[in-house]
Amino acid sequence: MDYSDATIRHANESDVVLEFLDFYKAGNPPDSNLKHLIFDSKFTPYKNLRELDEKGVKFITIQRRGKTIASQLEKIEKSQWKKILVMGSDGKGRLLKIHEEK
């Protein structure tokens with residue numbers, strides 16, 4: 001599912017992820033389960049990520065690749081990368097190589 005809102009302004013952009021959660025819950029049966037959200041790491045502050053975590057919503061944040069990150073990625077051994085299939089709203093999947101770390 002893709003979600004967009006043309007009325008997002010700088011003043012309220014950090015809470016859009018929580019607004020989306022309300023939007024999703026309002027349009028789906030109470031027992032439906034949102035599997036995960038994927039968004040840019042700068043999209044919302046840590047307090048909102050904590051709230052998602054407390055509500056049991058799994059999420060993936062994507063970090064922009066700067067020079068430092070690119071050089072760190074090059075140092076990761078091939079065996080530490082994992083392949084996952086992420087399904088799109090059109091029903092097609094995309095195979096991604098991922099590496100998780102805290």
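The values are calculated or read from the model by the stated rules, or taken from the named source; none is laboratory data. Note that this is a predicted model, so its numbers are computed, not measured. Neighbour counts run over all protein chains shown; Cβ positions are idealised from the backbone, glycine included. Surface areas here come from the heavy atoms of the whole protein model, side chains and all, with no ligands, DNA or RNA. Shrake-Rupley method; radii C 1.70, N 1.55, O 1.52, S 1.80 Å.
Can you tell me which residue in the range 1-40 is modelled with the highest pLDDT, limited to those that are of a type in the set (Ser, Thr, Tyr) and surrounded by fewer than 12 Cβ atoms within 10 Å (Cβ to Cβ)? So the residue we want is SER32.
Filter the helices (runs of 4 or more DSSP H) completely within the range 8-83 down to those with at least 2 residues that are of a type in the set (Gly, Ala, Ser) and within 22 Å of GLU101 (Cβ to Cβ).
Details: elements: 16-27, 46-54, 67-74.
Ranges flagged: 67-74.
Close contacts from the range 24-36, counting a first residue that is closer than 17 Å to PHE59 by Cα and a second that is in a loop (DSSP other than H, G, I, E, B) and open to solvent by 90 Å² or more (accessible area, probe 1.4 Å), with Cβ to Cβ under 8 Å and a gap of 6+ residues or different chains, come to TYR24/MET1; LYS35/LYS58; HIS36/LYS58. The residues of the range 41-70 that are more than 17 Å from the chain's Cα centre (by Cα) and either within 12 Å of LEU18 (Cα to Cα) or surrounded by 10 or more Cβ atoms within 10 Å (Cβ to Cβ) (or both) amount to a single one, ILE69. Consider the range 71-91 and keep the residues that are of a type in the set (A, V, I, L, M, F, W, C) and either in contact with a strand residue (DSSP E or B) (Cβ under 9 Å, 6 or more places away or on another chain) or within 26 Å of LEU18 (Cα to Cα) (or both). The one that is surrounded by the fewest Cβ atoms within 10 Å (Cβ to Cβ) is LEU85.
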